[in-house]
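Down below is the structure, laid out as structure tokens.
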Amino acid sequence: MKTLIVHPKDTTTIFLEKIYKTIPDKKIVDGGYSKTELLEQMEKYDRIMMMGHGSPMGLFNMGLFKESGGYIIDDKFVPLLSNKNNSVFIWCNADKFVEKYKLKGFYSGMFISEVTEAYICGVRNVDQKMVDESNYGFSEILSEVINENHQVTYNHVMSKYGEIAKNNVVALYNFNRLYLSE
């Protein structure tokens, strides 16, 4: 399976790189493309993985993609993504995007990846160690099964990440916002 990974370069989401390290036939796009160029690239791939910072409207550009406005992935990508059944959407509030457009794949809702996000989300008594344990634990667990079908991936993540969530309020918050749409 050929995989295109859209992960805008950002030091605060570097932990996500672990997820796709074991994918054999992949291309990583971390900036430099326009939306039109990215759409053309995406057509060539079986699986699309999108991760980083975002909102219900899509995946943030982070100032790294040309002629793209604030988002590199937005509603312009829906027709193409609608034809992909095994996508991965990991960004804050990706659930709103995926559910609005009835897309298929593994995805996250609001995902706390920084201490300030925890406080904004009402999760208290959080320190960087807890955030790191959640972030790197999630990425490690997902990387173990990223090459499996989505049901296996989802079940594995829910089981293993659920263990971290028993003792980590950040992981618990994120765990409760992981989804699968088939």
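The values are calculated or read from the model by the stated rules, or taken from the named source; none is laboratory data. Note that the structure is a prediction, hence the values are computed from the model and not measured. Cβ atoms come from the backbone with ideal geometry, glycine included; neighbour counts cover every protein chain shown.
Of the helices (runs of 4 or more DSSP H) contained entirely in region 64-182, those carrying at least 2 residues that are surrounded by 16 or more Cβ atoms within 10 Å (Cβ to Cβ), β-branched (V, I, T) and at pLDDT 95 or above fall at 128-145, 150-165, 169-175. For region 29-61: of the residues being among the small types (G, A, S) and under 19 Å from the mean Cα position of the chain (by Cα), which is surrounded by the most Cβ atoms within 10 Å (Cβ to Cβ)? The selected residue is G54. Scanning region 122-136 for residues that are under 18 Å from K18 (Cβ atoms) and either in contact with a Phe, Trp or Tyr (Cβ under 9 Å, 6 or more places away or on another chain) or touching a residue at least 60 places away in the same chain (Cβ under 8 Å) (or both) turns up D132, S134, N135, Y136. Residues in region 91-135 that are within 14 Å of F175 (Cα to Cα) and of a type in the set (F, W, Y): W91, F106, Y107, F111.
Please determine, by comparing only the residues of region 14-27 that are within 14 Å of the chain's Cα centre (by Cα) and in contact (Cβ under 8 Å) with a residue 24 or more places away in the chain, which one is nearest to V131 (Cα to Cα). Among those that are within 14 Å of the chain's Cα centre (by Cα) and in contact (Cβ under 8 Å) with a residue 24 or more places away in the chain, it is F15. Criterion first (among the hydrophobic types (A, V, I, L, M, F, W, C), part of a helix (DSSP H, G or I), touching a Lys or Arg at 6+ places or on another chain (Cβ under 8 Å) and at negative phi) does L16 satisfy it? No. For beta carbons closer than 8 Å, sequence separation of 6+ or different chains, a first residue in region 106-121 that is closer than 11 Å to Y179 by Cβ and a second that is among the basic types (K, R), the qualifying pairs are S108/R177; G109/K96; G109/R177.
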